[in-house]
Every structure is written in structure tokens, then in C-alpha cells.
1. Here's a check for you: in segment 1-18, which residue that is within 12 Å of residue 167 (Cα to Cα) and in contact with a helix residue (DSSP H, G or I) (Cβ under 6 Å, 6 or more places away or on another chain) is nearest to the ligand (Cβ to nearest atom)?
2. Does residue 29 satisfy the condition of being farther than 16 Å from residue 96 by Cα, within 14 Å of the ligand (Cβ to nearest atom) and touching a strand residue (DSSP E or B) at 6+ places or on another chain (Cβ under 6 Å)?
3. Keeping to segment 64-95, report how many residues are under 20 Å from residue 143 (Cα atoms), away from the ligand (no atom under 11 Å from the Cβ) and at pLDDT 95 or above.
4. Among the residues of segment 119-134 satisfying the criterion of being within 15 Å of the ligand (Cβ to nearest atom) and touching a residue at least 24 places away in the same chain (Cβ under 8 Å), which is farthest from the chain's Cα centre (by Cα)?
5. Can you pull out the residues in segment 24-45 that are assigned to a helix (DSSP H, G or I), in contact (Cβ under 8 Å) with a residue 60 or more places away in the chain and in contact with a helix residue (DSSP H, G or I) (Cβ under 6 Å, 6 or more places away or on another chain)?
6. Kindly indicate which of 50, 40, 64 is at positive phi and exposed (fewer than 15 other Cβ atoms within 10 Å of the Cβ).
7. Would you mention how many residues in segment 105-118 are within 11 Å of the ligand (Cβ to nearest atom) and under 20 Å from residue 163 (Cα atoms)?
8. Considering only residues that are in a loop (DSSP other than H, G, I, E, B) and either modelled with pLDDT under 95 or touching a strand residue (DSSP E or B) at 6+ places or on another chain (Cβ under 7 Å) (or both), which ones fall in segment 1-23?
Ligand code: S3P
């Protein structure tokens with residue numbers, strides 16, 4: 001069984017995924033880190049030098065590669081990954097995986113992202129909390145339709161221990 005964590009930037013996919021992997025003794029892979037390793041470039045630099053279209057193509061390629069790998073895995077995706085797949089069966093309603101949406105409020109996301117924006121090309125230009133809230137609110141609204149296709153939705157505004165208990 002593969003457990004796939006999806007959600008907006010800053011929703012805790014990588015942090016929770018890593019902790020969950022350790023807790024249930026299943027290898028953890030972060031798709032963004034996997035892409036960076038394979039492409040030998042940071043996500044920031046891929047966006048800067050090759051653009052988003054190239055990034056989305058590679059993101060899709062590596063996602064499929066990881067999903068086809070044998071064995072259990074906790075896999076955290078990028079915030080946009082589920083919104084750019086051409087076949088939703090890849091992630092949703094698939095008997096080999098459980099896709100979990102980590103749902104976090106706009107306010108909480110904006111607070112977290114103002115601190116963690118530097119490595120995220122889609123939001124690195126945003127400088128104030130007000131602007132961040134406005135951007136995240138609109139962007140999350142567009143993306144929620146994809147995230148909500150998950151069979152499991154977890155309120156991830158809570159502390160890590162509570163989220164992990166629910167996941168287990
Ligand atoms: C993106 C989210 C990022 C990364 C890229 C694009 C997005 O991952 O894949 O910057 O489109 O939301 P995180 O959600 O881990 O920040």
C-alpha cells in the first residue's frame with residue numbers, strides 16, 4: 001500500500017509524511033526532493049531556467065515512476081501535483097494507494113508561507129501577509145476541487161501528534 005499526501009504548499013505534507021513513515025516503518029519519499037535529485041537542480045532553479053511547463057512535465061514523469069515502484073511508500077507530493085495530472089485514476093480511487101488531503105485554513109497557510117516562501121517560486125514575490133492571504137485564498141479555491149477528490153481528508157490545522165494519530 002502506498003500512502004500519498006496531498007495539499008496546498010505549507011500544509012505539512014513533507015513534515016507529516018516523514019514522521020508517518022518513521023512511525024509505521026514505511027519508506028518516505030518527497031516528490032519535490034526526488035525531482036531535485038533526478039534533475040540535479042532545485043525546484044526554484046528549474047522554474048527559473050526552464051519554466052513551469054517543463055517542471056510540470058517532469059513532475060508527472062517522476063510521479064508515475066514512483067507510483068510504479070514496488071513496495072509500500074509514504075509519498076508527499078507538491079502542492080500542484082494533483083492539479084496537473086492527465087488521468088485522475090493515477091491518484092484517486094485507485095486500490096493500490098490511499099490519497100490523503102491535508103486540509104489547512106488559508107490563514108494558517110499564509111502565516112506559514114510568509115516564512116517559507118523563498119524556495120517556492122509561485123509565491124516568492126509576495127511580501128506582505130495581506131497579499132499572501134489574498135493569493136492563497138484564490139489559489140486554494142481553484143485547487144480545492146482537485147484536493148477534494150481524495151478519499152480521506154484530514155484537518156491538518158492541528159498539531160503533528162493529533163494529525164499522525166488520525167492518519168494511523
Ligand atoms: C508547487 C508546490 C511546491 C513545488 C513547486 C510548485 C505548487 O511544493 O512542487 O514549487 O504548484 O503548489 P510544496 O507544496 O511542497 O511547497
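The values are calculated or read from the model by the stated rules, or taken from the named source; none is laboratory data. Values in this document were obtained by computation on a predicted structure and should not be read as measured data. Cβ coordinates were reconstructed from backbone atoms using ideal geometry, including for glycine residues, and neighbour counts include every protein chain displayed.
1. Out of the qualifying residues, it is 5.
2. In short, yes.
3. Count: 1.
4. Ranking the candidates gives 124 first.
5. Matches in segment 24-45: 43 only.
6. Sole residue among the options that is at positive phi and exposed (fewer than 15 other Cβ atoms within 10 Å of the Cβ): 40.
7. Residues meeting the conditions: 3.
8. 1, 7, 11, 12 - these are the residues of segment 1-23 that are in a loop (DSSP other than H, G, I, E, B) and either modelled with pLDDT under 95 or touching a strand residue (DSSP E or B) at 6+ places or on another chain (Cβ under 7 Å) (or both).
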